[in-house]
Amino acid sequence: MSRRTDGRDLLERPYRSDHADSIRRKASPPRDLLRWFLEGFRAEMPDRLHQHDVWRDRPKRGDPDDYAPVGGSMLGSPRDAEPFRSYIEDGAYTCELAEYEGNKDATPHFARPMRTALARLAGRGSDTEPYPFMARCLYRTALRDGDWDSACASLGITEPVRRIYIEAALHRLWTRYEEEPQPRPWRDERPLQEASVA
């Protein structure tokens, strides 16, 4: 073994078991997909709607006289809590950079991975096979706190196929679930002649 591979081996050794466990978890779905889905969905929902202070929409300096307020009232309205505002305003594919001890992590992760998986299942994004009806059924199941039978019934799915349908929807959702986005391919921005000379 060369010196370089020995050093690489020493660096990777403490993380081998965690890496193998991560690959094994990704390869096989959890035993109870419904529980996995509900736990992920609940974890992404904000706890509070409002903060204690008052929000008033004021014109900024230099705004024209015909300023139209965006929201609030003259007396003021409760300010939205930041997690709730983010949940409403941000898209499903919003990524965040984690911050640990003042340093930003270079690997972005989805702010709400379960919401992103539902958006992928519905056909938004780069997926080629959209299943918007399945995504709607799963969303209704989560809003009904796991009552998949009534969620399927509300969409008109007949009783004999409800269990099969919800299991297929959960499995398809699991295949589209990712904690972090796929890495972007590196592209050389230099002109073609410079890149070929280098």
Quick one: count up the residues across the stretch 154-177 that are loosely packed, with under 14 Cβ neighbours inside 10 Å, more than 20 Å from A119 (Cβ to Cβ), among the aliphatic types (A, V, I, L, M) and touching a helix residue (DSSP H, G or I) at 6+ places or on another chain (Cβ under 9 Å).
-> 1
Are there any pairs, at least 6 apart or on different chains, whose C-beta atoms fall under 8 Å, with the first in the stretch 119-137 and modelled with pLDDT of 90 or more and the second of a type in the set (A, V, I, L, M) and in a loop (DSSP other than H, G, I, E, B), and if so, which?
-> F133/L155; R136/L155; C137/L155; C137/I157
If the Cβ limit is 8 Å and pairs must be 6+ apart or interchain, which residue in the stretch 164-179 that is assigned to a helix (DSSP H, G or I) pairs with which residue that is exposed (fewer than 13 other Cβ atoms within 10 Å of the Cβ)?
-> none
Can you confirm whether the stretch 22-36 contains a residue that is surrounded by 10 or more Cβ atoms within 10 Å (Cβ to Cβ), modelled with pLDDT of 75 or more and out of contact with any Phe, Trp or Tyr (no Cβ under 8 Å at 6 or more places or on another chain)?
-> yes
Name the residues in the stretch 1-21 that are polar (S, T, N, Q) and either under 24 Å from Y177 (Cβ atoms) or modelled with pLDDT of 75 or more (or both), would you?
-> S17
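The values are calculated or read from the model by the stated rules, or taken from the named source; none is laboratory data. As the structure is a computational prediction, the values presented were derived from the model and not from experiment. Cβ: placed from backbone, ideal geometry, glycine included. Neighbour counts: every protein chain shown.
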